[in-house]
Structures are given as structure tokens and as C-alpha cells.
Amino acid sequence: MTVYIFYFLIGLMPISWIVSLYIIRKWHYVLGYFIMSSLVVVIYSYVILFSTIKIFSQDELGLKKIFLFLYTIMIHSIAGFIFALIYKYKFANKQKPTL
């Protein structure tokens, strides 16, 4: 059962990312937000997948790195979705749309 929850959360990542971008599409700084978010993903992906951190020293198959990578991407996409919801309900009414 827990494996299905994990697969569900992994499948939910791109959906929450697309919905988040749809929610904040009228924001003035959406391009900067997208670039910074992508840059953060690239940086911690590089650190997780290609680093020689001591906690990965006994991981012969690399499963710790893979699951840590998936969980950080999942947390990042959920945090972006929460930010989009906060933007929509608190700040969106105070700004003029760009389109």
C-alpha cells in the first residue's frame, strides 16, 4: 500500500507543477520565479546525485541518492504549489494582471 502512495506522489509532482504555473501565470515575476525554481532544482539535483557526501559512502546501488532526489523534487513541487495557492488567495487581488 505504501508503494502506491509513493507512486501517487511521484505522479502528482508534474501535475502540481503545471497547476502552480497556471495559478501564478498573471504574476509580474513569474518568469523570474520559474528561472530561480529551475536553478534551485538543478543545484540540489547536482549536489544529491554527484556529491561524495559521507552518508552515501555505503550505498552500493545508489538507492539512497535516487530516493533522496525524488523526495526533494517532490517537496520542492509541493512547496511551489503551496506558494501558488498563497499567492492566489492573498496577493492576487492586490495586483493588476500583466495580460
Seminar exercise, completed: Restricted to region 51-88 and to residues being in contact (Cβ under 8 Å) with a residue 12 or more places away in the chain and not hydrophobic (A, V, I, L, M, F, W, C), the residue nearest to residue 20 (Cα to Cα) is 80
Problem set entry | Single match in 17, 27 (criterion: surrounded by 12 or more Cβ atoms within 10 Å (Cβ to Cβ), under 22 Å from residue 69 (Cα atoms) and of a type in the set (Phe, Trp, Tyr)) | 17
For this session: Go through the residues of region 50-57 one by one and say whether even a single one is assigned to a helix (DSSP H, G or I), of a type in the set (D, E, K, R), open to solvent by 80 Å² or more (accessible area, probe 1.4 Å) and modelled with pLDDT of 80 or more.
Result: no
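Could you please let me know if residue 22 is under 21 Å from residue 84 (Cα atoms) and either in a loop (DSSP other than H, G, I, E, B) or not charged (D, E, K, R) (or both)?
yes
The values are calculated or read from the model by the stated rules, or taken from the named source; none is laboratory data. On a predicted model such as this, the values are computed, not experimentally measured, just so you know. Every residue, glycine as well, gets a Cβ built from its backbone with ideal geometry; the counts of neighbours run over all protein chains shown. Heads up: the accessible areas ignore ligands, DNA and RNA and are worked out on the full protein's heavy atoms, side chains in. Shrake-Rupley method; radii C 1.70, N 1.55, O 1.52, S 1.80 Å.
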